[in-house]
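All remarks here apply to the structure that follows.
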Amino acid sequence: MAEINKGEMLYEGKAKRLYRTDNPDELIMEFKDSLTAFDAVKKDTLAGKGAINNQVSALLMGALGEAGIESTFIELLDETHSLVKSVEIVPLEVIVRYEAHGSLCRRYGIEAGTLINPPLVEIGYKNDELHDPFLTDEIAALMGLATLDEIARIKYLALITGEKLKEIYLKQGVKLLDFKLEFGRFAPRTDKWGGPGQPRIILADEVTADTCRLVDAATGEKLDKDLFRFDLGDVGEGYKKLLAKLGG
Ligand code: UDP
């Protein structure tokens with residue numbers, strides 16, 4: 001692997017940091033050991049969590065890439081760092097649900113565990129101060145967050161990503177109940193003719209136990225951030241088990 005320079009820090013979020021590289025189309029993503037829930041009202045750190053999430057996301061995004069679903073993930077650099085494509089993030093949280101849990105039940109009084117078939121795709125405004133409010137396509141377009149065409153593409157990509165993720169997890173005895181994705185606009189500046197390339201919507205951010213609701217298919221044991229949200233058990237053990245099941 002060529003030596004990649006970790007440049008200026010561009011962004012620090014709740015779970016990750018992003019750094020420049022010498023290539024304008026590529027950034028370094030660092031996974032932190034912090035855990036947050038309920039818009040960061042509940043916070044903690046867990047040694048080793050960043051390394052686990054970096055590997056889980058790399059395994060899952062790598063498998064999605066092999067299935068033809070493009071994401072920002074390029075390669076693992078070390079325990080807590082990955083090389084990723086630089087995108088303009090679309091400020092939407094895209095949630096796909098196969099069973100009703102969490103905010104869907106709180107909002108509408110739907111009974112937890114209700115099967116959802118065909119799956120439901122929801123979009124929310126990525127904004128902690130406003131608590132990520134639920135959006136319709138039209139409101140998202142009105143706010144200029146994305147065009148209606150982009151939203152249609154994003155929802156389609158979320159559904160096919162979910163089909164592949166469900167399959168990958170189920171092969172390892174893990175059931176996917178719901179998950180959150182983010183997407184970005186990728187317009188490479190350094191294609192072989194010197195760019196700029198046409199922007200396209202690709203999967204961004206991370207796919208980890210922080211962003212998926214997961215249970216062991218045989219035992220029903222939780223393997224995701226609900227362990228932390230509701231103090232249901234050893235979060236580190238749950239995250240480690242998931243990584244082991246995925247072959248990490
Ligand atoms: N999710 C996420 N980030 C958020 C909100 C939700 O990763 O800011 C994930 C969450 O882990 C779950 C799914 O999206 O897998 C659906 O979450 P829900 O809307 O039910 O909210 P929750 O009750 O989990 O906060």
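Of a type in the set (Phe, Trp, Tyr) and surrounded by fewer than 19 Cβ atoms within 10 Å (Cβ to Cβ): which single residue out of Tyr108, Tyr98 fits that description?
One residue alone meets the criteria, Tyr108.
What are the residues in region 115-134 that are within 13 Å of the ligand (Cβ to nearest atom), modelled with pLDDT of 95 or more and not acidic (Asp, Glu), if any?
Within region 115-134, Ile116, Pro119, Leu120, Val121, Ile123, Gly124, Tyr125, Lys126, Asn127, Leu130, Pro133, Phe134 qualify.
Given the residues Leu176, Leu159, which is the only one that is at pLDDT 95 or above and either β-branched (Val, Ile, Thr) or over 21 Å from Leu223 (Cβ atoms) (or both)?
Working: Leu176 fails: either β-branched (Val, Ile, Thr) or over 21 Å from Leu223 (Cβ atoms) (or both).
Only one candidate qualifies: Leu159.
For region 158-193, enumerate the residues that are aliphatic (A, V, I, L, M) and either within 16 Å of the ligand (Cβ to nearest atom) or under 13 Å from Val207 (Cβ atoms) (or both).
Residues satisfying the conditions are Ala158, Leu159, Leu165, Ile168, Val174, Leu176, Leu177, Leu181.
When residues of region 1-20 are filtered for being more than 21 Å from the chain's Cα centre (by Cα) and either hydrophobic (A, V, I, L, M, F, W, C) or under 18 Å from Ser57 (Cβ atoms) (or both), how many remain?
Of region 1-20, the ones more than 21 Å from the chain's Cα centre (by Cα) are 1-8.
Those still in the list that are either hydrophobic (A, V, I, L, M, F, W, C) or under 18 Å from Ser57 (Cβ atoms) (or both) too: 1-2, 4.
Selection size over region 1-20: 3.
Are any residues in region 100-114 near the ligand (Cβ under 10 Å from one of its atoms) and not small (Gly, Ala, Ser), and if so, which ones?
Listed by number, the residues that qualify are His101, Leu104, Cys105, Arg106, Arg107.
Here's the yes/no breakdown for (1) touching a Lys or Arg at 6+ places or on another chain (Cβ under 6 Å); (2) among the small types (Gly, Ala, Ser):
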position: Ala37; (1), (2): yes, yes
position: Gly48; (1), (2): no, yes
position: Asn53; (1), (2): no, no
position: Ser57; (1), (2): no, yes
position: Ala67; (1), (2): yes, yes
position: Ile74; (1), (2): no, no
position: Pro91; (1), (2): yes, no
position: Cys105; (1), (2): no, no
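Taking the stated definitions as given, is Leu203 more than 27 Å from Leu83 (Cβ to Cβ), touching a residue at least 60 places away in the same chain (Cβ under 8 Å), part of a strand (DSSP E or B) and not acidic (Asp, Glu)?
Working: more than 27 Å from Leu83 (Cβ to Cβ): no; touching a residue at least 60 places away in the same chain (Cβ under 8 Å): yes; part of a strand (DSSP E or B): yes; not acidic (Asp, Glu): yes.
So Leu203 does not fit the description; no.
Count, please, the residues in region 219-234 that happen to be surrounded by 14 or more Cβ atoms within 10 Å (Cβ to Cβ) and under 15 Å from Leu177 (Cα atoms).
Within region 219-234, residues that are surrounded by 14 or more Cβ atoms within 10 Å (Cβ to Cβ) and under 15 Å from Leu177 (Cα atoms) number 7.
Please tell me if Val56 is surrounded by 14 or more Cβ atoms within 10 Å (Cβ to Cβ) and in contact with a strand residue (DSSP E or B) (Cβ under 6 Å, 6 or more places away or on another chain).
For Val56, the condition - surrounded by 14 or more Cβ atoms within 10 Å (Cβ to Cβ) and in contact with a strand residue (DSSP E or B) (Cβ under 6 Å, 6 or more places away or on another chain) - is not met.
Considering only region 85-109, state which residues are touching a strand residue (DSSP E or B) at 6+ places or on another chain (Cβ under 9 Å), farther than 15 Å from Asp178 by Cα and without any contact (Cβ under 8 Å) to a residue 60 or more places away in the chain.
Step one: of region 85-109, the residues touching a strand residue (DSSP E or B) at 6+ places or on another chain (Cβ under 9 Å) are 85-104, 107.
Those still in the list that are farther than 15 Å from Asp178 by Cα too: 85-92, 107.
Once the filter is applied, which keeps residues that are touching a strand residue (DSSP E or B) at 6+ places or on another chain (Cβ under 9 Å), farther than 15 Å from Asp178 by Cα and without any contact (Cβ under 8 Å) to a residue 60 or more places away in the chain, region 85-109 yields Pro91, Arg107.
The values are calculated or read from the model by the stated rules, or taken from the named source; none is laboratory data. In this text the structure is predicted, and so the values were computed from the model without any measurement. Please note: Cβ atoms are built from the backbone with ideal geometry, for glycine as well, and neighbour counts cover all protein chains shown.
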